[in-house]
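None of the figures in this text is laboratory data; all of them are computed from the coordinates on show. Quick caveat: nothing in here was measured; it's all calculated off a predicted structure. Cβ placement follows ideal geometry from the backbone for every residue including glycine, while neighbour counts extend to all protein chains displayed.
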Amino acid sequence: MLRGTRSIAATSLILVLAGCQNSAPPSGPTALMSLAMAEPAPLVPRIIAPQTTDPEIDWVPAFRPEANHHYVWLDRTQRSNPKLLVFLPGFEGKPRCCQLFEQEAARLGYHVIGLMWENEWGIGTRCAASSDPDCSGKMRLEAVDGIDRSPFIATSRANSIDNRLTKLLLYLDAQYPDEGWSRFLEDGAPKWSQIAVAGQSLGAGQAALIGTIRHVDRVIMISGPAPEGADPWSSIGKTPSVKYFQLAHLRDHNTEIAAHVSSLGLDRFGPAVAPELSAPPYGGSHVLVTDLEPVGGYVGIFPHISTAVDVRVARDADGVPLLRDAWRYLLGEPPHGGR
């Protein structure tokens, strides 16, 4: 999936977490206390094929094409926050992968879209052989707007993230005019200032890049981006660093955490924190690094995907995700649930 191994800089994060483990437990409510609360009934998503929103969208994933759908969530029982969360799944991923995270965002009042995007391409092997220092940036940009920049990707404008999101918002506004989807459109395009962008793995890099080229409300990077910290695109642009947040797994050998902590200025907000050993607001840190055991154990890519992909997310005896408080913090829940 993604290339890279833990570096000396990443090792420093291990030392920080080891220090957390040797310290006294936090006083007051811990990150796991909310798990004792009654679990609300699951929400039901709207499942929409991209071609339903625009017949010119013609890309269909080769891997599990039957899951070629956007997932749309809205909890009408919650007070609107009122922002849109767009979630981008990772390499070959589908929005159905991460329904627990998407649903949690809806419970915080977000309008939520798990966006099916053209994501069956990898960066590591292609850019490793390229002399272009902006190889990964060009690939990622082309996936966003569909403008031809890279020989390694062939995303059309119709299949771009921009068009897919725009056409889905227009479709939702036409089908459900009383739900407020139009507030996330401006002049026929996404109104990025009202949108939080989240992603897992390859999708985390796309979220970070969108934050660089557009001023968004928030950027949430989960198990990503890949080790492209020295690449020109990995820097603060339109969105300030205070709006970037990252969640990673300590045993994820695919993601170079430290490179983006530095290039995106996240080290300004304190050291990485293990959410299972602390409580929101985690000392104001913008980097959370968990060591929770994935479903199936610490093997292969399981740690990498256990931060958001439902089948590997660690849960308590009642089935509640152990990262739920961490997710809510990344999504912007006020401390102690206040508004």
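Just a few scattered comments:
- Note on residue 77 and residue 58: the extension gain reaches 3.3 nm, defined as 0.36 nm multiplied by sequence separation minus the Cα-Cα distance.
- Applying the Karplus relation 6.51 cos²θ - 1.76 cosθ + 1.60 with θ = phi - 60° to the range 69-86 yields 3J(HN,Hα) values of 9, 7, 10, 10, 10, 7, 9, 6, 7, 9, 5, 5, 8, x, 10, 9, 9, 10 Hz, where x marks Gly and Pro.
- In the range 56-152, the chymotrypsin sites (Phe, Trp or Tyr not before Pro) that fall in loop regions by DSSP, at most 13 other Cβ within 10 Å: 63
- Calculated FRET value between residue 175 and residue 66, using beta carbons and R₀ = 25 Å, to 0.05: 0.65
- Distance in nm between pseudo-label sites at residue 148 and residue 317 (7 Å out along the Cβ direction from Cα): 6.2
- 3J(HN,Hα) from dihedral phi, the range 277-293, Karplus parametrisation 6.51/-1.76/1.60, rounded to Hz, x for glycine, proline: 10, 9, 9, x, x, 6, x, x, 5, 9, 10, 10, 10, 9, 10, 4, 6
- Three-way shape call for the range 32-143 based on the alpha-carbon gyration tensor, with the a/c threshold at 1.5: prolate
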